[in-house]
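Chemist: A single structure is presented below for examination.
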Amino acid sequence: MSVTIATRYLVADADVGMAEVKRAKAMWLRAGAKDFRSRQFFTGEFNGQWLFHIDFEDFAHLQKCRATVQKSKDSATIQRNNAKAGNKMVAREILLGLDG
C-alpha cells in the first residue's frame, strides 16, 4: 500500500521557499522517495499556501527514507532557513493508497 505525506506551508518569503523546495526535493529523492511534488493554492481556504506530496512504496520505505533524511545536513539547513524566513508548516497528513 503506497504512502504519501502531504504537507502545507505558509510561505512568507517566496525566494527562500523556492530555494529550500529545490534542496528538499533533492534530499528526499536521494534518500529514496518515489516522488516529490510541490504546488501552490490559488483559490479557496488555503489560497497562497504551498502543498507538498512525498510518495513512498509503504510505511517501511517511509521510515527508511525518514531515517536517512534526519541524518542529513540538508534537513537541518532547510528547517533553519525556513524558520528564519518565516515560512512555517501548518498541516501534515498521511495518505494511504488503495493500490493493494
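Bear in mind these aren't lab numbers, they're just calculated from the coordinates by the rules spelled out. Treat the numbers as computed from the prediction; the structure is a model and nothing was measured. Please note: Cβ atoms are built from the backbone with ideal geometry, for glycine as well, and neighbour counts cover all protein chains shown.
Chemist: Helices from the chain with mean Kyte-Doolittle at least -1.0 and a Cα length along the axis of 20 Å or more, per DSSP H: which?
Modeler: Working: long enough: 14-31 (25 Å, -0.01).
Flagged H segments are 14-31.
Chemist: Which is farthest toward the positive dipole end of segment 3-96 among GLN40, LEU10, ASN81, measuring Cα position about the Cα centre, with Cβ charges +1 (Lys, Arg) and -1 (Asp, Glu)?
Modeler: Looking along the dipole axis, the top candidate is ASN81.
Chemist: A further question follows. Rounded if a/c is under 1.5, else prolate if a/b beats b/c, else oblate: with a ≥ b ≥ c from the C-alpha gyration tensor eigenvalues square-rooted, which is segment 43-100?
Modeler: Numbers: a/c = 3.65, a/b = 1.14, b/c = 3.20.
Verdict is oblate for segment 43-100.
Chemist: Can you classify the chain as rounded, prolate or oblate using the Cα gyration tensor, where a ≥ b ≥ c are the square roots of its eigenvalues, rounded means a/c under 1.5, and otherwise it's prolate if a/b beats b/c and oblate if not?
Modeler: Values: a/c = 2.33, a/b = 1.25, b/c = 1.86.
Here the chain falls in the oblate category.
Chemist: Given points 7 Å out from each Cα along the Cα-Cβ axis, report the LYS88 to THR7 separation in nanometres with one decimal.
Modeler: Distance between label points: 1.6 nm.
Chemist: While we're on this one: Using a/c under 1.5 as the rounded threshold, could you call segment 1-59 rounded, prolate or oblate? The axes a ≥ b ≥ c are square roots of the C-alpha gyration tensor eigenvalues, and prolate needs a/b larger than b/c, oblate otherwise.
Modeler: On the way: a/c = 3.44, a/b = 1.45, b/c = 2.38.
Oblate, because a/c is 1.5 or more while a/b does not exceed b/c.
Chemist: About the Cα centre, and with charges only on the beta carbon of Lys, Arg (+1) and Asp, Glu (-1), how big is the dipole of the chain? Nearest 20 debye, please.
Modeler: Values: 16 positive and 11 negative charges, 94 e Å.
Here the size comes out at about 460 debye.
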